[in-house]
């Protein structure tokens, strides 16, 4: 057989994928940016897209390893992502609800990063610590079906460290979503990735 250069540096890959258990993990934000999406009527709306990786415990570096493993299949995406709606302006009940939900996130960021104060510049979130809750979510896409552990909520690092959380309940698909095509809005963990083999963050 022909010898492969740098064989000693090649990482073994047996097809197994590292999985996460539902629960809380301490993470570091890799990138945060406001991204525009379009609904079925062509109307634009924004979401704050926050990419992160686990930095403490036995699953530290999970999403970086996951990203590099995907290179075997020729297509890579960063799966440590939450997309959250920015707060709505106004004083309607819906606006107040969105404001309260977003304030809970900024409070968690401030509690997790002593000295940091949210100033509406999302680019400054890079490198900040945050707690992330993960749960089992059911999915169905193009005739396939299954369950996947996905991130769904930001909390403070202290909340994770103190073990105050309960394992989140599984989220089954609603009847209205079963057999429906998965859109970009539903697949919140997917983000565009570059063509090289490096991690998709500077």
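The values are calculated or read from the model by the stated rules, or taken from the named source; none is laboratory data. As the structure is a prediction and not an experimental result, all values here were calculated from the model. Counting neighbours? That spans all protein chains shown, and the Cβs are built from the backbone with ideal geometry, glycine included.
The figures follow:
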| item | result |
| --- | --- |
| Flag if residue 61 is more than 18 Å from residue 21 (Cβ to Cβ) and surrounded by fewer than 18 Cβ atoms within 10 Å (Cβ to Cβ) | no |
| Hits in region 27-49 - residues which are crowded, with 16+ Cβ neighbours inside 10 Å and either in contact with a helix residue (DSSP H, G or I) (Cβ under 7 Å, 6 or more places away or on another chain) or on the phi > 0 side of the Ramachandran plot (or both) | 29, 32, 48 |
| Among the candidates 103, 33, 96, residue that is part of a helix (DSSP H, G or I) and under 22 Å from residue 129 (Cα atoms) | 103 |
| Residues within region 128-146 that are under 24 Å from residue 173 (Cβ atoms), in contact (Cβ under 8 Å) with a residue 24 or more places away in the chain and either touching a helix residue (DSSP H, G or I) at 6+ places or on another chain (Cβ under 9 Å) or part of a loop (DSSP other than H, G, I, E, B) (or both), tallied | 3 |
| Residue, farthest from residue 29 (Cα to Cα), within region 80-127, restricted to residues that are loosely packed, with under 12 Cβ neighbours inside 10 Å and in contact (Cβ under 8 Å) with a residue 24 or more places away in the chain | 123 |
| Residue identified as touching a strand residue (DSSP E or B) at 6+ places or on another chain (Cβ under 9 Å), closer than 23 Å to residue 57 by Cβ and loosely packed, with under 14 Cβ neighbours inside 10 Å among 130, 167 | 167 |
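So that you can scan it fast, the table gives a plain yes or no per residue for (1) at pLDDT 95 or above; (2) more than 17 Å from residue 53 (Cα to Cα):
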position	(1), (2)
108	yes, no
130	yes, no
144	no, yes
155	yes, no
172	no, yes
176	no, yes
186	no, yes
202	no, no
